[in-house]
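The values are calculated or read from the model by the stated rules, or taken from the named source; none is laboratory data. The structure displayed is predicted, hence computed values, not measured ones. Because the Cβ atoms are built from the backbone with ideal geometry, glycine has one as well, and the counts that use them run over all protein chains shown.
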Amino acid sequence: MHVTKVNAAAFVLLGASTLTQAAGNQTNFVQTIQDEALGALKKAEPNAVRNRNSTCTLETAGVRRNWDDLDADQRKEYISAVKCLLSSPSRTDPALNTGARVRYDDFAAQHINQTMSVHVTGNFLTWHRHYVWSYEQALRNECGYSGYLPYWNWFSHQDDLRKSPVFDGSETSMGSDGLFVPHNGSIGSAGLHIPSGLGGGCIATGPFANLSANLGPVQPQQDGIVGVGTADKLRYNPHCVKRDLSSWLATRIYTEDAFLNATVRDTASDIASFQSEIDSQSAGLPGIHAGGHQTISGSNSDLYSGVVDPAFYLHHTMVDRMYWLWQALHYSQAKTISGTITFGNSPPSRNATLEDIIELPFLGVKPATLGSLLDTLDGPYCYIYA
């Protein structure tokens with residue numbers, strides 16, 4: 001594996017600074033780095049605008065916000081748009097996507113179908129960036145949503161996820177924990193055993209209570225959930241979406257050190273080390289990307305079909321936010337990539353390149369080169385984070 005570079009405007013790498021008072025519902029150390037990232041982008045903006053292939057600017061960009069910072073009406077509008085995708089007919093060829101019944105299934109099938117070529121690969125960050133953006137576009141263009149994708153701030157409510165506005169089960173949440181079902185926890189990255197929580201069953205309360213999925217599970221890691229396997233991974237298999245929220249895991253992986261290690265410290269000095277920070281196991285614990293899926297657990301414990309849980313998109317928008325922060329704070333390296341085109345380079349394969357094509361055929365999205373998806377203010381994109 002090697003790191004591929006293209007030219008980008010240089011700027012002085014920012015380091016961690018003295019913590020300041022947090023704004024809104026951001027934790028202090030998160031807000032500090034957020035402010036530094038926006039400051040870095042503002043310094044780079046005059047040259048960046050001249051080099052873009054679009055008219056997007058920091059001032060005209062859409063803003064993706066923390067779910068905790070949305071008001072009740074904004075949350076309800078987002079929930080309504082998700083329910084629209086859950087009730088609109090599928091747009092894919094049933095001969096190719098046999099299990100899809102609704103538009104939401106098209107997105108689930110796309111992720112399931114490409115799982116082994118878009119994880120622990122050189123295209124992981126860009127593929128998922130384009131994938132969640134395509135979901136955002138469907139919410140806006142097909143379901144009338146006027147906002148932008150919100151994110152789940154991992155660094156809040158770790159000690160009691162059931163009190164998080166994302167998972168508190170209120171009418172303005174993404175639904176609650178699952179109903180309690182006795183089980184023996186789940187298996188996370190590299191065989192880590194995650195103790196069972198207070199859930200394990202179908203989503204208990206809130207807008208997505210008893211939500212039914214048509215695809216998956218494929219290879220679930222929570223005890224007691226049986227998958228369909230990879231040979232027939234797109235077959236129709238109606239079942240409820242399950243969760244088993246784990247504050248046990250969240251308090252161990254979503255720490256100040258984990259955040260700073262992935263953004264401003266030498267542990268993430270280049271794109272390869274950033275990817276390692278968010279996804280590699282350390283001290284027997286999963287990285288902050290895989291760990292998020294395992295923190296929600298249940299349906300989300302499945303690498304292939306965790307996407308059937310609508311919370312998946314808030315989690316992966318946070319993954320993209322971490323990538324956005326890293327890019328802003330390492331501006332001269334923002335358009336570098338690292339990795340091959342197979343899962344963990346198994347079997348061994350060539351390095352990913354900026355000319356590789358990102359395709360999402362089930363979604364009806366125009367193919368794009370990997371290199372055109374590296375800047376959230378250029379190419380098809382025009383968004384930032386707050």
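Quick look at the values:
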quantity	calculated
Enumerated helices (runs of 4 or more DSSP H) restricted to segment 250-302, each holding at least 1 residues that are of a type outside the set (S, T, N, Q), within 15 Å of the chain's Cα centre (by Cα) and at pLDDT 95 or above	271-279, 290-296
Failed item in (1) without any contact (Cβ under 8 Å) to a residue 12 or more places away in the chain; (2) over 30 Å from G224 (Cα atoms), with S346 passing the rest	(2)
Some residue of segment 193-202 being free of Cβ contacts under 8 Å to residues at least 40 places away in the same chain and either of a type in the set (A, V, I, L, M) or on the phi > 0 side of the Ramachandran plot (or both)	no
Residue in segment 47-69 that is at pLDDT below 95 and of a type in the set (S, T, Y) present	yes
Leading residue by the ranking (farthest from Q34 (Cα to Cα)) among those in segment 254-271 that are buried (at least 23 other Cβ atoms within 10 Å of the Cβ) and β-branched (V, I, T)	I271
Candidate set: segment 154-185, residues that are in a strand (DSSP E or B) and touching a Leu at 6+ places or on another chain (Cβ under 9 Å); chosen: the one surrounded by the most Cβ atoms within 10 Å (Cβ to Cβ)	G178
Only one of H119, H130, H111 that is at pLDDT 95 or above, touching a strand residue (DSSP E or B) at 6+ places or on another chain (Cβ under 8 Å) and not small (G, A, S)	H130
Residues that are assigned to a loop (DSSP other than H, G, I, E, B), small (G, A, S) and within 25 Å of A48 (Cα to Cα), drawn from segment 353-386	G379, A386
Long-range neighbours under 7 Å by Cβ, at least six apart or interchain, first residue within 11 Å of C143 (Cα to Cα) within segment 82-93, second in a loop (DSSP other than H, G, I, E, B)	V82/P310
Residue identified as under 26 Å from A37 (Cα atoms), more than 19 Å from the chain's Cα centre (by Cα) and surrounded by fewer than 23 Cβ atoms within 10 Å (Cβ to Cβ) among L373, L354	L354
Any hit, segment 311-327, residues being part of a loop (DSSP other than H, G, I, E, B), out of contact with any Leu (no Cβ under 9 Å at 6 or more places or on another chain) and crowded, with 22+ Cβ neighbours inside 10 Å	no
